[in-house]
Structures are given as structure tokens and as C-alpha cells.
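Remarks on the structure that follows.
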Amino acid sequence: MSQPTPLVQPLLLQFQQLFFLSKMVGVLPQNLDKFRYKNVLEKSRNGMLYMLGVLSIYVVLYNLLIYSFGEEDRTLKASQSTLTFVIGLFLTYIGLIMMATDQLTALFNQGQLGELYERIRVVDERLYREECLLDNSCIAKRIRIMLIMTFIFEISILVATYINLVDYTQWLSLLWIVSAVPTFVNTLDKIWFAVSLYALKERFEAINATLEDLVMEHEKYKAWLTGDDATTATVGNRTADSQQSSPPPQYDSNLEYLYKELGGIDTGSLRNSGGKNHNKVAPIAHSMNSFGETIPTPHKPQRMNTNPLINMAHESELNDAAKVEIKLNNLCQVHDEICEIGKAMNGLWSYPILSLMAYGFLIFTAQLYFLYCATQSQSIPSLFRSAKNPFITVIVLVYTSGKCIYLIYLSWKTSLASKRTGISLHKCGVVADDNLLYEIVNHLSLKLLNHSVDFSACGFFTLDMETLYGVSGGITSYLIILIQFNLAAQQAKDAIQSFNSFNDTAGFVGAATEMDNNSSTLYDMITTTMMTPTY
Amino acid sequence: MIQIMNWLSMAIGLIPLNRQQFHSNFLVDYVMMVLVPCLYLAAYFGINLLQRFGLAFLDACNSVCRLSNNLFMHLGAFLYVTIFILSLYRRKQFFVDFETHLAEIDVVIQKCRQVAELDKSRVKAVKHSVAYHFTWLFVFGIFIFALYYDASALYGTFGEYAIIPFMVSSFPYLAGSIIQGEFIYHVSVISNRFEQINTLFEKINQETRRRHAPLTVFDIESEGKKQERKSAMMATKSAFGIEQKLADEMKRQKPPQLDDEDELNTSDEEDEDIFDYNDINTENTESTSETNLPDLFKLHDKILSLSVLTNGEFGPQCVPYMAACFVVSIFGIFLETKVNFIVGGKSRVLDYMTYLYVIWSFTTMVVAYIVLRLCCNANNHSKQSAMIVHEIMQKKPAFMLSNDLFYNKMKSFTLQFLHWEGYFQFNGIGLFALDYTFIFSTVSAATSYLIVLLQFDMTSILRSEGLMT
């Protein structure tokens, strides 16, 4: 992917379809032409105006929708299921709020978003120079899969609800289509975030893979040397066997001096090659046995191929401390840069993510609660009519929770991948087993340790799986509480009704309504206290 | 004991047969893994679709009993299906990988033990403590009791068809527990390797302690010459830094030759002169178990990688098991306090259901506790290695002072461990860490649920079922 002449393809090349779609729907205000021809995101005033226009149209239509479908809610209010009514009222605008947050944040960030991808491109170039190749093509595939999934979910929810649960004899019922807009816009925005996050994760993994490759190469190299030792270095073996300690080391160390004299300048690499006993034995055995030439050359990995004897040699970059230092330094700097990009990206999307998480939590709870209400054949708010059908509810829940969980999972994985780099770096140090390299590695490792990336929603909570565990616990307990209150309310209502039907006296009715008022205020208080912690 | 568990898990089709050999008959390996789930699914769908043989369809079963039975059955189905799919996904690749890694690790450990002269005490490692046997007996005991209770109660109700309801009531929990048992086994193996490494580290630590004394006291009589040389060496170190390091490197890289001599010399003797390459360094390395250090560091790293692998395989299976354990425990307590206390003994089926909940909640809790304990142990052992290395570093042993390489190596190890700590811990796909904090969080969650659940007013339901007057 990254081979062609402009060094690397920009990441945004993969975003073509997504960009056109989000431009059309009004998720991003950036300039379309610039994107098409230069693959950059640039500010555009027209785009901004278009987006604001789209947003206001959405708001108007959504309000119209609420108004036209609000008729049925009057009966809900009348039928005294206060808890359900309050929750419905509370959640009426949450979809709209989420959508507005996404769009307004995109408007504010329109300049910075372009910079972000520019920074990623710079990182790609640097990675390319470190011979760490990235394959961006799977990102385009991912975007396509996500878009298809979004379409499937949105359309199946919309169509199933429209056919089953909306009275489509009136033309006004077509407004129901608007109810899908907020979630769709939100999903498009989140696909941008998710895919960019995935790209970051890939970059972290590419760094890790490069480091692991270094280790593997070096191990192969070592194995090759020792294998060579065993098979061809008969002289060395014999001496090592017969006179256990003294002669071979002396021999080696003397030769070591020789190398130094000959190799001369590059002390780092020399010391390095001195670090490996086996490194020496093989070439020495060769040279002494057969040809007796080119003694110092095998130690320089660059020159290895020039030696006709061992042109099958596995090279290992880890032998050359100076070169490796530069490489490791560069990789760590790139790692830092990616961490910074991750933080910047998290900053750009912090409010949308917070609103998405709040939305996910509330909608998940509410949908399940309304499902319960529907199974008890109570009336539910008209906007949540999808809860009347268990299958549609399942789709809605999978869609909503899938969005949230995928983001959380991806953030967690990215964070883990960034932490993994330190381990891989140390593996390099351990396998090369060289003093200079250890110093480099220790130094860089401290740097990495201080520089880890954690994704959070506005700093309220970190986006990792433990949060998910906490949230799932929260949803269950709220659900149990809600259902219990609903049960109690139903029992009270039944009791009142049976009471009323038996005694038709006015005094009792007065007492009962008073009791009901009390309970409704209680429900109000409870719902508000329950909803506040999530914000 | 492990063998029994392995046989059992093969028998009920949770791990493939011949899991150690890579090339064996594919069909034979997976035949149990297909048969048993089919049997289970047949029983499950048979009960749910045909509406027969289920406890819920008995006349004696009232609404509370039906609810709890359905919950137990569906929860079990969820548990079994997820666990089975994950086992099938794992196949035997994991076992082969695990064994090969373990073999590699063992070879290196063996080598290190030889160097460290810990060979003689090896016999001890095989012998298990009383607590180990007691735990196994205890676990087996409660499982046999749970299975016996369920089987006998079902036999009393359904006669020879008891196997069908048994498959949907106790079997999934048994299967889940056995998979956790496999997890326990693998974690305990890992933990054991960590312990062995720690003893090796500890050996080095003790040696440095012993060797440190003469160096500080300056025992001139015996070591004067060497001290002198050593100080000379120190002084010339900067000048001859390169040769010095070369020499040290040479010396360090010669463990195979030292091994032979180690067997002759005890560690306290100091006559083992390694040939000195540069004629400067005659300081000898009395007992050479510090040559183990690089190997040990690599080993530690390898074992941690192995634990990542194990956790990746078994962690996801922990999640449904813990969830099932949690739900069963809560409902067990709920049924026991709200139903059995009040109307115990009035309906035999209801009592059976309640006891089943209580028994399985206890059993799963014991297994979960053992899992958590072992994971916590393994974590602690791996942490301890870093602690011991730091201790060695603080003592400033001779081999460290004379050679920068050792110092850097140890520092590198401890730093790497910090990275590992941030990266890995035994966990269930990141949802929760498998250590004692998990117990705390579940207990606190369970308390709040219980408070909510105990407020349910059961009296009217019980009254309408005719259990209460």
C-alpha cells in the first residue's frame, strides 16, 4: 500500500465513500472538491452553511414528528402511568441532543480534523522510513462493512416499526422516517471516530510488529550462527571439547583485538559484536579452516553479503547499536506522536462520545423498561413504540449497544496495543543482550512508561471494558428498581380500581386521587435522581 | 487428580481427545465434542418444544417453581452454549502450543537449576501439600454431592427419563465448572513456574548476601591479591572499558563450561579460575548462579507470554461462568430467604428447586474463588520476581558492580515488568480483573441487588398458590 512515489498514501483516501455520505447527510462541513482532488479536509464556509441548514431542518422535522405523534401520549398521561410518562418525556429529545452535539462539534472542529489526518500522514511517512509497512486497504473494507451494517440496522428498524406499529393510512405517518435520522447521523460520525481509532491501533501494532521482527531476525541470526558453529566449526569445537576453559577464549580475545585494530572506528558495533561469543567462532572457524581470509568482515552486518562464504547469512539489525539506537529512537518518537494524535482525537470527539454513552445507557434501560411495560399491556410513549415488539427491541438494543461497545472495545484495544510497545522494546534489548542497547532501551522504556494513551469521555470515565462492566451493572439495577416501582404502581392502581368499583362514595375517591398524586411526585423525584448521575 | 479432571472433560466433550498430539484422527478427536452438545441441545429443545419431561410441566410445580426452573434452565443453556462455542473455537491448537511453550520453559528452568545447584531439591516440587489434596477432595466432594442430589431427586420424579431434565439442570453448570477447572490447572502450572523462577532468583539473592560480606570487610589474608586486582581493574575500567566488557562478556557467555565445574565445586570455594582474557581480571565468580540471570529474565518474559495466551483462551469463558454464578447465588439467597423460610416443606418440587439453587451457587462460588485465588497467586509470584531482583540490585553484588551489563540487564528487567504490569493481568476480556477485587465488587453488587430483591412482596403470590394461608 505504502510503496508508491509520494511515499505513503494518505489515510483519507480510504474514507472516500464515507466522506461523500457524511457530507450529504450533514455530518461534516469540509470542502468536497478539495477532498476529492487532494484528499485533504479543509474548512469550507458553504459546507458550514449547508450543515447548519440541514441541522435546522432536522430539528424542525423532529419537532413536527414529536408533535404529530404526541397525540397518543395524552392518553398515556390520562392513564396515570406517571413513571412511564416521565421517562418518555425525559428521553424525547435525547436523540436530537445527541445529533446536535455531533454536528456542532464537527462544525467547531472542522479545521482541526484536517490537521489530525495530516499528522497521521506524517506518522505514516516516518513509519515508512523505518521500514514498517502499513496496509490501509482493510480500513476501506472496514468502513464499507460498517456502513452496510448501519444501513441494515437502520432500515430494518425503520421498516419493521413502520409496517407493524405505525398507522400508515395517514400521510403524516411518513414523518416517522425522521425518527431514524438522529441515530443515523450519530452512527456516521462514530464511524469516523472508530475507523480513525482503528487506524491508530494499526499503527501501534505496526510498531510492535517491527520490534518483534527485529527480535525474530536476531534470534534467527543467532540460531544460524550457533548452527554454523555446530556443523562447520570443527576446529573450534574440538578445542572447546578437549581443553575446556583456556585456549578458545584466549584465541577469541586475541582475535577480538585484531578486529578492533582492523575494524577500528565503530566501537559501538564492535563492542556489540564482541558481546556475542558465537558471533566470532563461526567466521573464525571458517577462515582458519578453509580460506583464512576476510576475518573481520563477518561482523559487519552490512558487509556480510560481500563475504562469499556466508552470503546466506541472516542479518540482524540489532548487532549495530548505533543504527539500532536511531531506529528505536525514531520508533519511540513515532509512538509518542501516535499517542498525542490519540489524545487529540479523543479531545475532538469527547463531547459526542459522552453524549453517545449517555444516550446508550438511557435508551438501553428505557427500551427494556418499555418492553416490560408493553408485555404488561400498559401504554408506552409513542416515540418508543418499537418496544412493543420484542424482535424490533432486540435489533434496537443490538444496534445501540453495538455502537457503544465497539467504541469501548476499540479504545481498550488501542490502549493495550500502546502499552505492548514497551514490552516489545524490552524484548529487543533482552535478545541482543548488549550493554549499550540496554541503556538505550531502559531510557526509552521510561519514556514509554510515562507516555500511555487512555481514552476517556470528557474525563468522566475511561473508555475501557471495566467501564462496560460497571455500566451493565448499573443498567440491571436501574431496571430492577424501575420494574419494581412499576409493579407497585400497578398494584396500587388495581387496588384503587377495585376499591372504587365497590364503593362509589366520593370521599374515598378523593382520598385515592390524593394518594395517587403523592405517588406521582415520588416517581418524579426518583426518576430525576436516577437520571442525573449519568450526566 | 488433574488426570481425572482431564478425562472427565474429554468425556463430556469439552476438550478434544488426544489434545497433546498434533497429528491424529480429526474425527476421533472431536466426536465427543459434537455428541454431547447435540445430546444437550436435544434435551433442551425437547423440553422447551415438546413441553414434556420438564420440571415446569409437572402439576406440582407452582408459578414460583416454574419461574425459578426456567431461569435455571435458560441460564444454564446460555452458560453451556457460550462455553462450548469458545471451546470449539479453541480446539486443540491451544493445548499443543501450551505444551510446547511449557516444554521450552522447563528445559531452560532445568538448565538454570543445574547451574544454581538446586537439582537435589527437585523432588520436593512434585510433592503436594496437604492443603492441595484437601482442596481437591473438597471440590470433588461437593460436586459429587451436587450431582447426586440432583440425579436422585430427578430420578424420584421422572424415573428412567431422569437423564433428560438432568441434562438441562445440572449438566451445564458441571461443564462450566470443569472448564474453569482446566483454567485452574493451566494457571496453577504457570504459577508453579513463576515459583520456580523465584526460588532461582532467591538463590542468587542469598549468594550475593553471602558474598557481599568478605568484600566489604576486605579480607586481605585470602583475597588481598584479588582485591588489589579488582581495584586496579576498577581504576582502569574507564581506560580499558572496552576490553573489560569484552572479557566480562566472554566470561558470562560460558555457562556450559562452567556447568561441569560447578558440579565439582561447592559454591563457597573460590578456586575456580576462569581464564582471564586480558590478564587484568582475576576476580572469580565463586558460585555462578548469576549467569542464570539472563535466562531467568527471558523465562519470566516467556511465562508471562504464556499467561497472556492462557488468559486469552480461558478469560472469555470466565465471563459467562461468573455471570451465571452471580445470578444463581442471588436467586439462591432470594429463594432461600423469601420462599423456603416461609413455606419450606410444603411443596417437594419447590424445595428441590430451592436446594438446587443453593447447592449450585455454593459449588460455583467455590470454583470461582479457586480461580480468583490462583490467578491472584500467579500475579503475586510474577510480581515477586521483580521485587527479588530489586533486592539483589540493592545489595550491590560484585558481579553487578564489576559489570555494567548486569546492572542494565536487571534494570531493564524491572522496567519491562512495569510494562507488563500495565499490559497484562488475568482478566475476563477486560471486563474485570481476576483477583480479589472482583470478589469485593461482586459482593457489593450482590448486596444492592439483594436489597432490592428482598423488597419483593412474595406473600400475595405465595398465598395465591395456596402455599400460605
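In a fully extended conformation the segment linking B:E104 and B:Q206 would gain 34.0 nm over its present Cα-Cα distance, using 0.36 nm per residue.
Within 10 Å of the Cβ of each residue in A:413-426, the mean number of Cβ atoms contributed by other protein chains is 4. Normalising the average separation of contacting C-alpha pairs (under 8 angstrom, six or more residues apart) by the number of residues puts the relative contact order of region B:327-452 at 27 percent. The accessible-area loss of region B:389-408 on complex formation, taken against its chain alone with a 1.4 Å probe, reaches 40 Å² or more at B:L405, B:N408. With the simple spin-label model, which puts each label point 7 Å out from Cα in the Cβ direction, the B:T437 to B:I163 separation comes to 4.7 nm. If r is the Cβ-Cβ distance from A:S137 to A:K43 and R0 is 30 Å, what FRET efficiency results, to the nearest 0.05? Approximately 0.55, to the nearest 0.05. Once the C-beta distance of B:Y369 and B:T447 is scaled by a Förster radius of 22 Å, the resulting FRET efficiency is 0.80 to the nearest 0.05.
Taking 7 Å steps out from each Cα toward its Cβ at B:Y30 and A:I57 produces label points 5.3 nm apart.
With a 1.4 angstrom probe, the accessible area lost at the B-A interface totals about 4300 Å².
Are there chymotrypsin sites (Phe, Trp or Tyr not before Pro) in region A:137-227 that DSSP marks as loop and that have at most 15 other Cβ atoms within 10 Å, and which are they?
A:Y168
Among the listed pairs B:K383/B:K409; B:K111/B:K396; A:K427/B:K302; A:K220/A:K427, a Cα-Cα separation exceeding 22 Å is found for B:K111/B:K396.
Modelled spin labels at A:E71 and A:A488, positioned 7 Å past Cα toward Cβ, are 3.7 nm from each other. When the C-alpha to C-alpha distance is required to be over 25 Å, the pairs from B:K298/B:K411; A:K23/A:K190; A:K201/B:K92 that qualify are A:K201/B:K92. For B:K383 and B:Y132, the FRET efficiency from 1/(1 + (r/R0)^6), where r spans their Cβ atoms and R0 equals 22 Å, is about 0.45.
The values are calculated or read from the model by the stated rules, or taken from the named source; none is laboratory data. Since this is a predicted model, take the numbers as computed values, not measurements. Don't worry about glycine lacking a Cβ; one is built from the backbone with ideal geometry, like all the others, and counts go over all protein chains shown. Heavy atoms of the whole protein, side chains included, go into the accessibility calculation; ligands, DNA and RNA do not. Shrake-Rupley method; radii C 1.70, N 1.55, O 1.52, S 1.80 Å.
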